[in-house]
């Protein structure tokens, strides 16, 4: 793992206005860092704000409050040449391999569109690069002149990865890159992402709801709940020693593909559903479902603090 | 321990006419379901698991799809031979189905009370009052608080997990003998999924209903199933008790599926065992074993002839040429997971 800090997210908030004075708090105070060559996993259930975080980090949304620093520079204040350079350095892979590729473009043009926008490459150079990239992601150059509909979901996701790599990025944001794929194909894509990371010293922000897969691929993991980061630590620590009651419940809710383990396992049951982010509970957002909630949880928002080396939690149990 | 056979599917073949030609979605599926058990059907998209389930319910759209061969026996009746009218008597009262997406499977313009009572009124000669009481009872059973007032509400007033409970209530209100659940928890978050799976277990314990659970998630299978059918390209390639499938898998595809899932307790730096390639095109299924093209152990015979289904041990069956006595023994004896 490298030590150079690439990305720093400080107190990021992103609210969406729904009219009638209603405010949807998609992200409400999220801070984390990503170092060179590492994979940072962001997990949580639907509506927890993990995708919004990814999109705000790459600059698709402006933040309501807080800042995103990439190599020390505020991403949302970049202009002109600097913005263009940032756009080359950070790329994104999307969830839906069907919707994220233009059906009217051939694969070679899809992959090298960023080079075309850059303007300094000839068509021939671009197509040579496309061939190289296709081979890198396990397809071959005959695929370059085909259209997206001629490919399976897993192959399309490889095309999406090739496109993200075309501009030689340092960091790739992968937003649920495998959740639309079948199990055996998921493993292919994850193994590919890991190999590319080794070869090119990439950093990943890996966003997913599948905690087992996130644990497999990530060095460190942040757990989100209702717009808040509730716990952040190394992936081994998170699995072996989860601190936040939500993380504990999440881990115990995931069924393990092993019948004997399933039989003997004790589960931490949490009742009910995730509350609406439009009027999130005051104090700790998890308190309405938390089996260990105390009166103070309704009054004060828990402080984000380091409870052990490299282990951050926002929970009143550790105050 | 051997319980009575409730449902028996034999040599089922289903095909669909499309613009691109005929798709052979299910190609000779046989299995049986016993009283009080949960049978999981696993496989990847397009393997025919949902089509098999819909064939049992006779919900294959008739203008494009057809059961071309095979029998489905339920209580001395062959479901493939029943008229639509006879079938309607069975649906909901004897065999019920739960779908993945509650938002499209239920009617948004009718109160959930009406939707639950519809089945009772259709199948039993009871008054509306009595039907309402049964509906309330069933809502309680599936874990919905304040059932009396909830009956008057509409679908959009419930969360995703609650909607799934309501769908289970609708399917269960006439106390059918078989519940077929097609990916019932796939659209749900894991904490909600855990609640719903517990509900299935509880319903089975309380009423002895048999469940066919269609899923692609082996974690769900391990949690809920007694027996498992592994499907690939429209066929059952391996079937057996849940422990046979997880601890002594025989078919290379089953082994591949198990290896490609990361586990929370597994080491990080070991790459996942992926299966190369993609499933075959069912417009023109391969002549031999459908998995041969992706199988690292494929023999010459695999590409030419379909493997027969052989019995490994009691009720553990596998369709693979590697089981043939003439094939080399590939797996380290009864393998490492035995202990």
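Filter the stretch A:83-112 down to residues that are in contact with a strand residue (DSSP E or B) (Cβ under 7 Å, 6 or more places away or on another chain) and farther than 28 Å from residue A:128 by Cβ, then give me how many there are.
1
Among the residues in the stretch B:20-35, are any over 25 Å from residue B:253 (Cα atoms), touching a strand residue (DSSP E or B) at 6+ places or on another chain (Cβ under 8 Å) and part of a strand (DSSP E or B)?
yes
Going through the stretch B:225-235 one residue at a time, which ones are under 22 Å from residue B:4 (Cα atoms) and either modelled with pLDDT under 95 or more than 12 Å from every other protein chain (Cβ to nearest Cβ) (or both)?
Residue satisfying the conditions is B:229 alone.
Wholly within the stretch A:52-164, which helices (runs of 4 or more DSSP H) include no fewer than the required count, namely at least 2 residues that are modelled with pLDDT of 90 or more?
So the answer is A:80-89, A:107-111, A:123-136.
Can you find even one residue in the stretch B:196-206 that is away from chain A (no Cβ under 12 Å), free of Cβ contacts under 8 Å to residues at least 24 places away in the same chain, surrounded by fewer than 16 Cβ atoms within 10 Å (Cβ to Cβ) and within 24 Å of residue B:39 (Cβ to Cβ)?
Yes; the residues of the stretch B:196-206 include at least one that is away from chain A (no Cβ under 12 Å), free of Cβ contacts under 8 Å to residues at least 24 places away in the same chain, surrounded by fewer than 16 Cβ atoms within 10 Å (Cβ to Cβ) and within 24 Å of residue B:39 (Cβ to Cβ).
Would you point out the residue of the stretch B:253-279, among those that are more than 7 Å from chain A (Cβ to nearest Cβ) and in contact with a strand residue (DSSP E or B) (Cβ under 9 Å, 6 or more places away or on another chain), that is modelled with the lowest pLDDT?
B:279
Out of all the residues in the stretch A:276-293, is one or more in contact with a strand residue (DSSP E or B) (Cβ under 7 Å, 6 or more places away or on another chain) and loosely packed, with under 14 Cβ neighbours inside 10 Å?
Yes, the stretch A:276-293 contains a residue that is in contact with a strand residue (DSSP E or B) (Cβ under 7 Å, 6 or more places away or on another chain) and loosely packed, with under 14 Cβ neighbours inside 10 Å.
Is it the case that residue A:173 is within 16 Å of the chain's Cα centre (by Cα), within 19 Å of residue A:216 (Cα to Cα), more than 14 Å from every other protein chain (Cβ to nearest Cβ) and buried (at least 24 other Cβ atoms within 10 Å of the Cβ)?
yes
Condition (residue is under 17 Å from residue A:169 (Cα atoms) and surrounded by 16 or more Cβ atoms within 10 Å (Cβ to Cβ)) applied to the stretch A:138-146: is it met by at least one residue?
Scanning the stretch A:138-146 turns up no residue that is under 17 Å from residue A:169 (Cα atoms) and surrounded by 16 or more Cβ atoms within 10 Å (Cβ to Cβ).
Considering only residues that are within 9 Å of another protein chain (Cβ to nearest Cβ), over 20 Å from residue A:49 (Cβ atoms) and without any contact (Cβ under 8 Å) to a residue 40 or more places away in the chain, which ones fall in the stretch A:226-253?
A:236, A:239, A:252, listed by residue number.
Checking residue B:292 against (1) crowded, with 20+ Cβ neighbours inside 10 Å; (2) under 23 Å from the mean Cα position of the chain (by Cα); (3) at pLDDT 90 or above, which test does it fail?
Of everything listed in (1) crowded, with 20+ Cβ neighbours inside 10 Å; (2) under 23 Å from the mean Cα position of the chain (by Cα); (3) at pLDDT 90 or above, residue B:292 misses just condition (2).
So, of the residues in the stretch B:295-319 that are in contact with a strand residue (DSSP E or B) (Cβ under 9 Å, 6 or more places away or on another chain), part of a loop (DSSP other than H, G, I, E, B) and farther than 30 Å from residue B:18 by Cβ, which turns out to be modelled with the lowest pLDDT?
Checking each candidate, the answer is B:314.
Please verify whether residue A:302 is part of a loop (DSSP other than H, G, I, E, B), within 12 Å of chain B (Cβ to nearest Cβ), in contact with a helix residue (DSSP H, G or I) (Cβ under 8 Å, 6 or more places away or on another chain) and crowded, with 22+ Cβ neighbours inside 10 Å, treating the condition exactly as stated.
It is false that residue A:302 is part of a loop (DSSP other than H, G, I, E, B), within 12 Å of chain B (Cβ to nearest Cβ), in contact with a helix residue (DSSP H, G or I) (Cβ under 8 Å, 6 or more places away or on another chain) and crowded, with 22+ Cβ neighbours inside 10 Å.
Tally the residues that are within 11 Å of chain A (Cβ to nearest Cβ) and either under 30 Å from residue B:7 (Cα atoms) or in contact (Cβ under 8 Å) with a residue 60 or more places away in the chain (or both), restricting the search to the stretch B:166-191.
4
Here's the yes/no breakdown for (1) buried (at least 24 other Cβ atoms within 10 Å of the Cβ); (2) without any contact (Cβ under 8 Å) to a residue 40 or more places away in the chain; (3) outside the structural domain of residue B:15 (by TED's automatic domain parsing):
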| residue | (1), (2), (3) |
| --- | --- |
| B:218 | yes, no, no |
| B:221 | yes, no, no |
| B:236 | yes, no, yes |
| B:241 | no, no, yes |
| B:247 | no, no, yes |
| B:253 | yes, no, yes |
| B:256 | no, yes, yes |
| B:259 | no, yes, yes |
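I'd like the full set of residues that are within 21 Å of the chain's Cα centre (by Cα) and either over 22 Å from residue A:48 (Cα atoms) or within 11 Å of chain B (Cβ to nearest Cβ) (or both), limited to the stretch A:254-285.
Scanning the stretch A:254-285 gives A:254, A:274.
Has the stretch A:197-214 got at least one residue that is within 12 Å of chain B (Cβ to nearest Cβ), in contact with a helix residue (DSSP H, G or I) (Cβ under 6 Å, 6 or more places away or on another chain) and assigned to a loop (DSSP other than H, G, I, E, B)?
No, that holds for no residue.
What is the residue count in the stretch B:127-165 for residues that are away from chain A (no Cβ under 14 Å), closer than 25 Å to residue B:205 by Cβ and in contact (Cβ under 8 Å) with a residue 24 or more places away in the chain?
Qualifying residue count, the stretch B:127-165: 7.
Among the residues of the stretch A:186-196, are any more than 12 Å from every other protein chain (Cβ to nearest Cβ), modelled with pLDDT under 95 and at positive phi?
no
The values are calculated or read from the model by the stated rules, or taken from the named source; none is laboratory data. The structure displayed is predicted, hence computed values, not measured ones. All Cβ positions, glycine included, derive from the backbone under ideal geometry; neighbour counts span all protein chains shown.
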